[in-house]
1. Being farther than 19 Å from B:L253 by Cβ and among the polar types (S, T, N, Q) is the requirement here; does B:N311 meet it?
2. Please find, within the stretch A:133-158, the residue that is surrounded by the fewest Cβ atoms within 10 Å (Cβ to Cβ) out of those that are part of a strand (DSSP E or B), in contact (Cβ under 8 Å) with a residue 60 or more places away in the chain and not charged (D, E, K, R).
3. Can you tell me which residues in the stretch B:439-467 are surrounded by fewer than 21 Cβ atoms within 10 Å (Cβ to Cβ) and either without any contact (Cβ under 8 Å) to a residue 12 or more places away in the chain or of a type in the set (G, A, S) (or both)?
4. Would you point out the residue of the stretch B:395-435, among those that are part of a helix (DSSP H, G or I) and among the aromatic types (F, W, Y), that is surrounded by the fewest Cβ atoms within 10 Å (Cβ to Cβ)?
5. Hey, can you tell me all the residues within the stretch A:28-58 that are among the hydrophobic types (A, V, I, L, M, F, W, C), over 17 Å from the mean Cα position of the chain (by Cα), farther than 28 Å from B:P317 by Cα and away from chain B (no Cβ under 12 Å)?
6. Given the criterion closer than 25 Å to B:A87 by Cβ, within 14 Å of another protein chain (Cβ to nearest Cβ) and buried (at least 20 other Cβ atoms within 10 Å of the Cβ), identify the matching residue among A:L67, A:L22.
7. Can you pull out every residue in the stretch B:146-155 that is within 13 Å of another protein chain (Cβ to nearest Cβ) and farther than 10 Å from B:I96 by Cβ?
8. Tell me, which helices (runs of 4 or more DSSP H) wholly within the stretch A:4-123 include 3 or more residues that are closer than 30 Å to B:K310 by Cβ?
Amino acid sequence: MKHTLSVLVENEPGALSRITGLFSGRGFNIESLCVAPTLDHTMSHLTLVTSGDEFIIEQIIKQLNRLVDVYKVVDVSEGEFVEREMALIKVKAEDETRAEVLRMCDIFRCKVVDVSPKTYTIEVTGPESKLKAVLELLKPIGIKEITRTGTIAIQREKKTV
Amino acid sequence: MTKLPGKQMVVEALKREGVDVVFGFPGGAIIDVYDAMERDGSIKHVLVRHEQGAAHAADGYARATGKVGVCIATSGPGATNTVTGIATAYMDSIPIVVFTGQVPTSLIGNDAFQEVDIVGITRPCTKHNYLVKDVHKLPQILKEAFYIARSGRPGPVLIDLPKDVQNQVAEFDYPDKIKLRSYNPVVEPHSRQIERAFKLIEKAKQPIIYAGGGVIIANAHKELRKLAESIYAPVTMTLMGLGGFPGTHEQSLGMLGMHGTYCANMAMANTDLIIAVGARFDDRVTGKIEAFAPNAAIIHIDIDPTSIQKNVKVDVPIVGDCKRALKKLVKVIEEDGRPPEVWKEKFKPWWDQIRAWEERHPLTYKKEPGVIKPQYVIEKLYELTKGKAIITTEVGQNQMWTAQFYKFDEPRTLLTSGGLGTMGYGFPAAIGAQMAFPNKLVVDVAGDGSIQMNIQEMATAMEQRLPVKIVILNNQFLGMVRQWQELFYDRRYAATEFTVTPDFVKLAEAYGAKGFRATKPEEVEDTLKKGLEADGLTIMEFAIAREEGVFPMVPAGKATTEMLLV
């Protein structure tokens, strides 16, 4: 089962390495990881997508909390939450496919952020399922390169981490 | 407020934390701290012969006293040599603070001479670690390091000190108290959980208390005894828990697990309620996890939430300090008002069964004329020291025979590497313990294999005039591995026989110590007496039955009821 964890961690050198080291050392899985500073610049917010049964997830949360640098861990996927991921996709766009790519962009509300005679670079944002759908449709046209941010997530309504 | 260079801040912090002795080995990158210590003159330094020895000695000091042990090493190889000692302390939750020198900040990352990323290397085996890049942060870091090492579930903390930081000057504002927003271990157990635990105890017909090293770390031995006596429950201990409950107590079933007693393992397999205190259901205790205590409800008291529900499902988790949790639990039992006799009566059929197991297969060994049995040496050692010595062990058969045949009544009297299983731990740990307690008898029980892993510390013990006593059970084998080869690898003794061993008596003499040897059973007592009574450092070597095994034994991966017996 997939879980999305929000982790608040001290913005200290090595803090990220402690977290990734914990996952590799204990054989836990990281599907995606995204880190950036918060409003309080001494703290970073990390969104981590992992998977495992309830015992493994319980261990992961406890082990994260055990790290001295970790301030708080919340399994946001336990409740209602919004998740977003962004991808930049460089897709082949030659004579016959240029219009098709643009049509797809329109349908999925993607943005074209760079254009060359033979390619478009598309920015797509959404939950993972949307990215998956876009990629499926663009694949036959020819994806030259892709880069993704990994998932970020936030709890719905008043709840905060 | 005073301005101080980094090196002096370290010395001041040591003094304020009550550190009276540090173990270490100097080098170019830490020479400034050494100079500051020398000028100050108030902290005793023990010069080891290898940095691994320094880390183990600090660990032995910490285990024997309950205080934080401190060791110092230089950058590069000095730092990497401490890693085994740090990992040993980490696995057994021992509070030590390790200072390492580092190349100047301007050179970090340049592959400079004796540079190593020790903070990176030790990240997975320290509770926390620091690379100090700014001297202004050093006072806070020093305070945090000691606080983190000793609080919650204790553990090793490393501080890496670049050479330039040691010499930079800043305000020395050493906090008296400290609060960290991201680190707040829960010490006070939840009362409702205690109530729930009591309900399970009330329902139980065949309970057992399973006590681990946490009891000793939390100084909860009195409370544990109170609990055991107030409900008249049997108590079994892990290797790390030995001494947490008196080994000679009528309710003690001895150690459990791979080399535990038949009775303890049978009781664990048949219990309907495990009261786990400061233990972590390690694989050496549970054996095959699917077959472990199939009918038991589990109450688990531990200060580290990660220990709970890691290997087994727990019915009542109690996160908190063992001492406080046990106190609360005992209080609930007292308020309930049933005297111990009522519980005793209630658990009588269970105790009858336990006594039957005890009688069926007591802890024993076969005596053979003309051959020294290692168990006999430990029995005699126990007799002669009246169980009052601080015993350290190495790792392997020597460790297991000691755990089985020496009865530990007091906490902090068995210092042994349980989690990591570090050969070479016992002797430097004995040095650390003897530094803490100059007037106590400190004995390292060793095998001929492990003693050679840190034998160089003989010089350290001599230099400090420490009367450590070393018992070497010499079978010219790496005995525990040999035992596995005998049992599970058709006696193919791959790389376990020592065809050359030093003459340990002469070796002792070469260091200026005294050596004694016994080759026949009738010499054992006399040799022990001579060795224990002689002044100063001594080695007592016993030529033991070469292929003696440790039994009972639960083969790795088997259920704990599938024991191989004597």
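1. So B:N311 fits the description; yes.
2. Once the filter is applied, the top-ranked residue is A:T147.
3. B:N439, B:A459
4. For the stretch B:395-435, the residue satisfying everything is B:F405.
5. A:L39
6. Every option except A:L67 fails the conditions.
7. Matches in the stretch B:146-155: B:Y147, B:I148, B:S151, B:G152, B:R153.
8. A:15-25, A:54-66
Each reported figure results from applying straightforward, stated rules to the coordinates on display, with no laboratory input. No experiment lies behind these values; they were computed from the predicted model shown. Every residue, glycine as well, gets a Cβ built from its backbone with ideal geometry; the counts of neighbours run over all protein chains shown.
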